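The values are calculated or read from the model by the stated rules, or taken from the named source; none is laboratory data. Just so you know, these numbers come straight off a predicted model, no measurement behind them. We place every Cβ from the backbone using ideal geometry, glycine too, and count neighbours over all the protein chains shown. Just so you know, the surface numbers come from the protein's heavy atoms only, side chains and all, with ligands and any DNA or RNA stripped out. Shrake-Rupley method; radii C 1.70, N 1.55, O 1.52, S 1.80 Å.
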Amino acid sequence: AWYVPCLASLETLQELCRKENLTCKSIGITNRSLKSYEVEYLCDYKVEEGKAYYLVKWKGWPESSNTWEPRKHLNCPLLLQNFLRDKNEYLSRVREGKALKVRKRVKALKPAIADYIVKKAKQRIALQRWKEELNRKKNHKAMILVENTVDLEGPPLDFYYINEYKPAPGINVLNGITTGCECADCPAEKCCPKEAGFILAYNKRKKLKIQPGLPIYECNSYCRCGPDCPNRIVQKGTPYSLCIFRTNNGRGWGVKTLQKIKTNSFVMEYVGEVITSEEAERRGQLYDNQGNTYLFDLDYDSDEFTVDAARYGNVSHFVNHSCDPNLQVFNVFIDNLDLRLPRIALFSTRTIKAGEELTFDYQMKGSIDLTSDSAEGLSPSKKRIRTVCKCGAVCCRGYLN
């Protein structure tokens, strides 16, 4: 489904709710906030007759209801800390790293400083709401965090979180499975990978043991084995807590792990809209003009379909390119044996430290047998305009495409 954003501002919606005595948790109007005042953030500061006052934005109330309150009326130490940190951050940036000298007796903030503080507070609230939304929608246990200490960019306005492929009309991403293995203890002689003519992809420690280019066949919903089967890895979702963060070198958003990831571990799945290659070609021309693309060709066996994660996707939507990546792509088949529609899983190529950014190669060199006729079988769709690469790797090719 396509969504149309609401044209009314948050303040307008809050005012309407109060007028009609309605509650709406998503915009901060609860039964409690209808009848009480709670500080949402601090907007400004001044000193009058020796007393310090803060301009308060009340939670669930429009900005027209902001009031100046003396310091002694405020019981919100965290918000006061945020206010002072944002003020100092602004001054530090203006002075471009010069030694910061904060005057102790400031009688009023300059409008530009107060404006920045308000924007930063609104961003902080928006990112918190986005984080809560992502964690409501995800279908795995690990947490998703959001962080921006670089600029005032808020959540993407036209992105919708999904956990699995969203097929375009006429495309069936669940077909081909009618039976499963009868193993009491996988893997056995007739387990799913062997029935498909391949070896089991995982070792006893549930780590990948096959070479790039080989497919992964996991046990499916018809199989006799239970959820603890060692051949059920990708279908359980990412086991690691991840953070979507704002990069400081112009690469937009990125993803870093909050936990150590061992070599050959499943990290996440690449999901989005499944569209035809013809539709991907049309969209690709639009994305080229924007200098980015989220088109990922599904040409393991043919080139009929493409995954577009531009509007619909999961955390993988925010993973950046690197010419020296720590993630590798593999084709996975679980409840669909159609070779034209594999699921795309990202596995670690080495040990990844907590706090390290996750990346994969948008060209996927080495992901399959480059001597075959399908040497670009796992690469994202080719872009017509060359995009400069900012990955910073020693072996950087200079361009993303």
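Remarks
- The residue list 345, 354 contains one member that is modelled with pLDDT of 95 or more, in a strand (DSSP E or B) and either of a type outside the set (S, T, N, Q) or over 26 Å from residue 157 (Cα atoms) (or both), which is 345.
- Test result for residue 218, open to solvent by less than 20 Å² (accessible area, probe 1.4 Å) and modelled with pLDDT of 90 or more: yes
- Residue within region 275-282 that is at pLDDT 95 or above, farther than 25 Å from residue 169 by Cα and not aliphatic (A, V, I, L, M) present: no
- Only one of 303, 324 that is of a type in the set (Asp, Glu) and under 16 Å from residue 251 (Cβ atoms): 324
- Filtering region 154-181 to residues that are more than 18 Å from residue 311 (Cβ to Cβ) and exposed (fewer than 13 other Cβ atoms within 10 Å of the Cβ) leaves 170, 172, 175, 178, 179.
- Close Cβ contacts (under 6 Å, 6 or more residues apart or on different chains) running from residues in region 118-135 that are assigned to a helix (DSSP H, G or I) to residues that are open to solvent by 40 Å² or more (accessible area, probe 1.4 Å) and hydrophobic (A, V, I, L, M, F, W, C) comprise 119/152; 123/152.
- Residue in region 19-26 that is open to solvent by less than 80 Å² (accessible area, probe 1.4 Å) and either modelled with pLDDT of 90 or more or farther than 26 Å from residue 248 by Cα (or both) present: yes
- When residue 300 is tested against (1) aromatic (Phe, Trp, Tyr); (2) open to solvent by less than 20 Å² (accessible area, probe 1.4 Å); (3) over 25 Å from residue 158 (Cα atoms), exactly one condition is not met: (2).
- Residue list for region 110-134, filter: surrounded by fewer than 16 Cβ atoms within 10 Å (Cβ to Cβ) and of a type in the set (S, T, N, Q): 128
- Flag not set for residue 345, criterion: in contact with a His (Cβ under 9 Å, 6 or more places away or on another chain) and open to solvent by less than 10 Å² (accessible area, probe 1.4 Å).
- Of 103, 95, 71, all but one fail to be open to solvent by 50 Å² or more (accessible area, probe 1.4 Å) and modelled with pLDDT of 80 or more; the exception is 71.
- Within region 176-223, being hydroxyl-bearing (Ser, Thr, Tyr) and outside any loop (DSSP other than H, G, I, E, B) holds for 202, 217.
- Pairs, first assigned by the TED database to the domain that holds residue 54 and among the β-branched types (Val, Ile, Thr) in region 76-102, second modelled with pLDDT under 95 and open to solvent by 40 Å² or more (accessible area, probe 1.4 Å), C-beta under 8 Å, six or more apart: 102/88
- Residue selected from region 190-230 under the condition in contact with a strand residue (DSSP E or B) (Cβ under 7 Å, 6 or more places away or on another chain) and aromatic (Phe, Trp, Tyr), by the criterion farthest from residue 339 (Cα to Cα): 202
- Counting only residues that are open to solvent by 40 Å² or more (accessible area, probe 1.4 Å) and closer than 28 Å to residue 18 by Cβ, region 42-65 holds 7 of them.
- Total residues in region 369-401 satisfying the condition of being open to solvent by 30 Å² or more (accessible area, probe 1.4 Å) and either more than 22 Å from the chain's Cα centre (by Cα) or modelled with pLDDT under 50 (or both): the figure is 20.
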